[in-house]
Amino acid sequence: MSEELPDDSSEIAAEEPDTGDPVLDVMAALEAERDGHLLDLQRMTAEFANYRKQADRRTVEIGGRVRGDLAEKLLPVFDACDLALDHGAHDVAPIRASLVQALEPVGLEVLDPVDEPFDPNRHDAVLHEPAADGDDTGQVVVEVLRRGYAWEGRVLRPAMVRVRG
């Protein structure tokens, strides 16, 4: 009435070539099993390292996007400072300068492109004037009507400009 349990060593030995010596057969089977586990461990270690790199990359990307969103929410503050300066309230200049100095090292770029070539990816041309005779320099920004801003290379708002050429 006793049940016989299957002998695992006989199954392992059946998978390996039979050398005639049962001890060598069991050793070979155990080495093959060990090598299989080692390969599985190496594969899992590599998959985890790749997962960790992807997670770190995503964390950095999301953090940059969040900081960019914050900078985008500050654009009306920059605009208000610029308008106040245009209307003679020069007491606002240090506040605006402090904001720019605090944000530029972490990714803010002020787009103030006077005398630069027109770039439709970074500038929004709202006024256009013809080029002077003999002027073949292409389209050039001659006046900035509203500054633009970029965050870590991504344009938050293009500069509103007047273009010649």
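Couple of notes before you dig in:
- Looking at the chain, the DSSP beta bridges with both ends there are about 70 percent antiparallel.
- This ranking places HIS128, HIS87 by how few other beta-carbon atoms lie within 10 Å of each, fewest first, which gives HIS87, HIS128.
- By the count of neighbouring beta-carbon atoms within 10 Å, fewest first, ARG146, ARG154 end up ordered ARG154, ARG146.
- Computed on the Cα trace of the chain, the radius of gyration divided by the Kirkwood hydrodynamic radius gives Rg/Rh = 1.54.
- CD proxy at 222 nm, helix term only [per DSSP H run n ≥ 4: -39500 (n - 2.57); per residue of the chain; nearest 500]: -17500 deg cm²/dmol
- Stretchable slack from ASP35 to ALA55, in nm (0.36 nm times residue separation minus alpha-carbon distance): 4.2 nm
- Segment 108-165 has equivalent-ellipsoid semi-axes of 22, 10, 8 Å, by the square roots of 5 times the alpha carbon gyration tensor eigenvalues, sorted largest first.
- Approximate spin-label separation VAL77-THR137, in nm, with each point projected 7 Å along Cα-to-Cβ: 3.6
No value in this document is a laboratory result; all are computed from the given coordinates. Being a predicted model, the structure only gives us computed values, none of them experimental. Every residue, glycine among them, receives a Cβ derived from its backbone with ideal geometry; neighbour counts consider all protein chains shown.
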